[in-house]
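Single-structure report; data block below.
The values are calculated or read from the model by the stated rules, or taken from the named source; none is laboratory data. Predicted, not measured: the structure shown is a model, and the values here were computed from it. Positions of Cβ are generated from backbone atoms using ideal geometry, with glycine treated the same way; all protein chains shown enter the neighbour counts.
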Amino acid sequence: MRRRDLLKAAPILMAPSLARAAARPLRYIPNSGLSTIDPIWTTALIAGIHGYMVFDTLYGLDDKSQPHPQMCAGQEISADGLTWTFTLRDGLTFHDGEPVLAKDCAMSIRRWCSRDSFGQVLIAVANEIAAIDDRRFRIQLKRPFNQMLYGLAARGCFIMPERMAKTPGTEQIKEAIGSGPFRFLPDQWVSGVSAAYARFDKYVPRQEAPNFLSGGKAVNIERVEWVVQPDSATAAAALQKAEVDWLEVPLIDLCPMLRKSPGVTVAVNDPFGWPLVLALNHSQPPFNNPKLRRALLPAIDQSQFMAAVVGDQTELTRTPAGYFIEGQPMASHAGLEVLSSPRDEALAKRLVRESGYAGEKVVMLAATDRPVYNQLMQVARDLFVKIGLNVDFQPMDWGSVVTRRTSREPVDKGGWGCFVTQIEGVAACTPGGSFELRGNGPKAWFGWPDDPELERLRTAWFDAPDLASQNSVAAQLQLRAFDTLPCVPLGQLFQPTAFRSDLTDIVKAAFPLFWGVRRV
């Protein structure tokens, strides 16, 4: 065969192998087991990853935090900013074969509003969220809501059939039927252990390149299987042996070894990063004392905390880090000198004494099955002892931490003082999404800070008319947070992910997305 004829035949010869590659399941080890199929009911990351496979959203966020139409063809806004009319694009179909209608969207938005921090602000200023006809729905406002598109794009406003969306947000949906690029296979789901998804043949992607949560969600893999493997070494070995294709969160200590493994790629696909924070219990001694909370700051060395996690892989961290993601529109350096100036443990020790601290026990919840959290808590324990705090270090699994942190009882009755966790990068991009910065007391995030000024500034950010005004409010909010310390920023981590090298076109995102990816 002549060379020119061979080149002409190449696509035909390749087609069967490409089809076989697409048909072979993509096996994935998630960060944890899927125990609920309702991404509105819970904020758990694993449920959100599931949500973006099964459900679609009206708008999608790009990696510069800009919203773009997704299920919507577009929107019209009245001159006074009080009436938003949205039109759905063609080709939207639910997995049960029913068309997506405007009434499904209106009810889904209302359910989302009952749970989401952005949605709660929207519903408070909305007079009406209702369908006009099959393809159009309207949101009628009492006053302008400038963050409408960002909230719908960034906050997991998943669209489901009206009958499902009528389920109260405090109750879990019983089925996972969406209009997204994958169908959930309920008969192959073992809660907390495994799950499976199939490509939805009737999904019509936008004719655009994917960019984070926006653009075209074209699926090139017929089936995705989730298999939980809690042991880090076993998970890494399975990836090396090609028993699995993608390990979402490899142990950072194992990444240098995985980088040298044939057929394995280790990469940071996350453009946002994960802020790590030390949550403090404001409702109980000793951290109900604002002077004691502030006394910690001179001794907090973010570089030391991050080194405990990444060792010499310093490219995986960013310090100093405040409350908002660097490189995103709301990033601020306001007040950051409290963490970036020279560290002074002696000053912190003196401030602890002067705060009125009476030796109350600091119960530290340390998740031993989350290496990053455990390593950070070890550093915090040593630091707290050095500056004169009475530490009660309690190792436990992360599930127990999640349960224990809900307790508002005193420490001698099952309460707690502090724990470490990470904030999903997109949430930490804005004051509206940063749930750890709420100051609404009993309704706030774990630790329950009661700070009306934080809440006032958050409201002011929602009302800010332009980007410059929003930036100004975000800076003020960060200054206030450094004064009252709803939580302590410990630095920003860029968690690597690991996958077989025959996977390509993985969308850069803060968590795994399965559209776009293909085998070569």
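Assorted remarks:
- Flag if VAL309 is in contact (Cβ under 8 Å) with a residue 60 or more places away in the chain, touching a helix residue (DSSP H, G or I) at 6+ places or on another chain (Cβ under 6 Å), more than 22 Å from ARG480 (Cα to Cα) and part of a helix (DSSP H, G or I): yes
- Out of ARG138, ARG143, ARG115, ARG110, sole residue that is basic (Lys, Arg) and part of a helix (DSSP H, G or I): ARG110
- Selection of segment 114-139 for residues being within 19 Å of GLY60 (Cβ to Cβ) and either free of Cβ contacts under 8 Å to residues at least 12 places away in the same chain or touching a Cys at 6+ places or on another chain (Cβ under 8 Å) (or both) yields ASP116, GLY119, LEU122, PHE137.
- Summed over segment 155-175, residues that are under 28 Å from GLN66 (Cα atoms) and either among the small types (Gly, Ala, Ser) or part of a loop (DSSP other than H, G, I, E, B) (or both) total 7.
- Selection of segment 312-339 for residues being farther than 22 Å from ARG370 by Cα and not in a loop (DSSP other than H, G, I, E, B) yields GLU337, VAL338, LEU339.
Rundown of residues vs (1) within 30 Å of PHE384 (Cα to Cα); (2) out of contact with any Cys (no Cβ under 7 Å at 6 or more places or on another chain); (3) modelled with pLDDT of 95 or more, yes/no style:
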residue	(1), (2), (3)
PHE212	no, yes, yes
ALA218	no, yes, yes
ALA236	no, yes, yes
MET257	no, yes, yes
PRO271	no, yes, no
ALA279	yes, no, yes
PRO290	yes, yes, yes
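- Cross-chain or 6+ apart pairs with Cβ under 8 Å, segment 161-183 first and in the same structural domain as ARG89 (by TED's automatic domain parsing) and surrounded by fewer than 22 Cβ atoms within 10 Å (Cβ to Cβ), then polar (S, T, N, Q) and modelled with pLDDT under 95: GLN172/THR36
- Screening segment 406-430 for residues that are of a type in the set (A, V, I, L, M) and modelled with pLDDT under 95 and picking the one that is nearest to VAL379 (Cα to Cα) gives ILE423.
- In segment 471-495, the residues that are under 30 Å from VAL54 (Cβ atoms) and surrounded by fewer than 22 Cβ atoms within 10 Å (Cβ to Cβ): PHE494
- Residue check, VAL204 in the same structural domain as TYR59 (by TED's automatic domain parsing), closer than 30 Å to ARG135 by Cα, surrounded by fewer than 17 Cβ atoms within 10 Å (Cβ to Cβ) and more than 21 Å from the chain's Cα centre (by Cα): yes
- The set of residues from segment 405-424 being touching a Phe, Trp or Tyr at 6+ places or on another chain (Cβ under 6 Å) and surrounded by fewer than 23 Cβ atoms within 10 Å (Cβ to Cβ) comprises ARG405, GLN422.
- Every residue from segment 82-99 that is outside any strand (DSSP E or B), hydrophobic (A, V, I, L, M, F, W, C) and surrounded by 21 or more Cβ atoms within 10 Å (Cβ to Cβ): PHE94
- In segment 218-238, residue farthest from PRO262 (Cα to Cα) [restricted to those that are in contact with a helix residue (DSSP H, G or I) (Cβ under 8 Å, 6 or more places away or on another chain) and in a helix (DSSP H, G or I)]: SER232
- Residue satisfying condition, being among the acidic types (Asp, Glu), assigned to a loop (DSSP other than H, G, I, E, B) and either under 30 Å from VAL520 (Cβ atoms) or more than 26 Å from the chain's Cα centre (by Cα) (or both), within set ASP270, ASP253: ASP270
- Here THR403 passes the criteria (1) among the polar types (S, T, N, Q); (2) under 22 Å from VAL309 (Cα atoms); (3) modelled with pLDDT under 95 except the one numbered (2).
- Test: residue in segment 239-247 that is of a type in the set (Asp, Glu) and farther than 16 Å from PRO25 by Cβ: no
For every residue, the table says whether it meets (1) β-branched (Val, Ile, Thr); (2) in contact with a strand residue (DSSP E or B) (Cβ under 7 Å, 6 or more places away or on another chain); (3) surrounded by fewer than 17 Cβ atoms within 10 Å (Cβ to Cβ).
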| residue | (1), (2), (3) |
| --- | --- |
| GLN240 | no, yes, no |
| VAL244 | yes, yes, no |
| CYS255 | no, yes, no |
| LEU258 | no, yes, no |
| ALA279 | no, yes, no |
| PRO286 | no, yes, no |
| LYS291 | no, no, yes |
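- A single entry from ALA73, ALA102, ALA79 fulfils the requirement of being free of Cβ contacts under 8 Å to residues at least 40 places away in the same chain, among the hydrophobic types (A, V, I, L, M, F, W, C) and surrounded by 15 or more Cβ atoms within 10 Å (Cβ to Cβ): ALA102.
- Comparison of LEU13, LEU34 shows that the only residue that is farther than 21 Å from PHE118 by Cα and either touching a Pro at 6+ places or on another chain (Cβ under 6 Å) or modelled with pLDDT under 90 (or both) is LEU13.
- Residue list for segment 464-504, restricted to those being touching a residue at least 60 places away in the same chain (Cβ under 8 Å) and among the acidic types (Asp, Glu): ASP483, ASP502
- Applying the criterion of being surrounded by fewer than 19 Cβ atoms within 10 Å (Cβ to Cβ) and among the small types (Gly, Ala, Ser) to the residues of segment 309-330, the residue that is nearest to GLY417 (Cα to Cα) is GLY311.
- Qualifying strands (runs of 3 or more DSSP E) (wholly inside segment 347-463; at least 3 residues being free of Cβ contacts under 8 Å to residues at least 40 places away in the same chain and either assigned by TED's automatic domain parsing to the domain that holds ILE325 or within 18 Å of LEU296 (Cβ to Cβ) (or both)): 390-396
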